[in-house]
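Report on the structure given below.
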Amino acid sequence: MQLSNYRVLVQNEVGDTSARAQNIIDRGLSDSYQEILGLTAKYLINPTEEDITASISNRYVTPTKTYSDFRHVLYKPAGDDNCYELKPINEDEYYAHYVNSDAGDPRKFYVIGNLIYFDVTPDTAGTVKVSGIEVQPELEGSAVSVIPDRYTRVLILGAIARFKAYEGTPDATEYQKMFKGSFWGQGRIDGALGDMIRELSVKQPVKRPRFWGR
């Protein structure tokens with residue numbers, strides 16, 4: 001579905017087809033769309049892979065694509081046929097433990113923006129293999145939503161809640177609760193969005209505990 005399809009559904013719900021309302025509804029749909037994808041993109045969008053050359057002059061590489069989520073970062077040293085997965089750390093860990101390390105084969109990484117930083121500067125050129133979820137276009141114009149039609153109601157509720165909040169109507173809070181529950185401000189997502197997340201997540205294979213690396 002496109003923005004215009006969702007817009008009609010929201011207009012029918014709020015009973016306002018004015019040009020002023022359309023602008024508010026479109027913004028509410030776009031914002032709600034991005035909010036939903038922030039929590040569900042890993043279930044809805046196929047990962048993208050790319051190979052990036054790591055040089056001996058930089059402790060980071062720049063992917064050509066823009067990612068919302070890096071799923072895997074692997075490294076293949078020059079002259080080696082096999083990749084190994086880098087362990088994620090954060091920037092504070094780098095400065096606490098690795099900032100004085102000599103050049104070598106990277107074993108860890110952290111992300112700032114869309115840049116991938118290593119724990120050490122490579123001592124030979126290598127290849128970084130990235131698997132991640134690309135940032136999706138805004139819901140505007142002819143862009144087609146990646147949200148399955150069976151979850152259309154989730155997006156509509158989010159847009160209505162934003163429209164009602166903008167208008168300052170008494171039922172704005174109720175629509176917000178229907179969209180993502182009563183405790184979303186405390187980090188707990190329920191409501192229609194919570195149901196969507198739970199339904200999508202059960203399709204993922206359950207990871208079993210592994211003993212002795214098996």
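Quick note: the coordinates plus some simple rules give every number you see, no bench work behind them. Computed from a predicted model, the values in this text were never measured in an experiment. Here the Cβ positions follow ideal geometry from the backbone for every residue, glycine too, while neighbour counts run over all protein chains shown.
What is the fewest-to-most order of Ile160, Ile45 by other Cβ atoms lying within 10 Å of their Cβ?
Ile45, Ile160
Suppose the chain between Asp102 and Ala78 were pulled fully straight at 0.36 nm per residue; how much longer would it get relative to their current alpha carbon spacing?
On the way: separation 24, 0.36 × 24 = 8.64 nm, distance 1.77 nm.
Here the answer is 6.9 nm.
For segment 88-214, what relative contact order do you get, as a whole percent, if you take Cα pairs closer than 8 Å and at least 6 residues apart?
12 percent
For a quick check: sort Met196, Met178, Met1 by the number of other beta carbons within 10 angstrom, fewest at the front.
Exposure proxy ranking, most exposed first: Met1, Met178, Met196.
Using 0.36 nm per residue, how much length does the chain from Ala143 to Glu174 gain when fully extended, once their Cα-Cα distance is taken away?
So the extension gain works out to 8.2 nm.
Near the amide H of Gly104, under 5 Å away, which other amide H atoms are found, from residues 5 or more places off or on another chain, if H is placed in the peptide plane?
Distant-sequence amide H within range of Gly104: Thr121, Asp123.
Only counting other Cβ atoms within 10 Å, I'd like Phe179, Phe163 sorted with the fewest neighbours first.
Phe163, Phe179
For the chain, what is the relative contact order in percent, using Cα pairs closer than 8 Å and at least 6 residues apart in sequence?
Dividing the mean separation by the residue count of the chain yields 26 percent.
Let me have the 222 nm mean residue ellipticity of the chain computed from DSSP H runs of 4+ only, each contributing -39500 (n - 2.57), with the sum over all residues rounded to the nearest 500.
-11500 deg cm²/dmol
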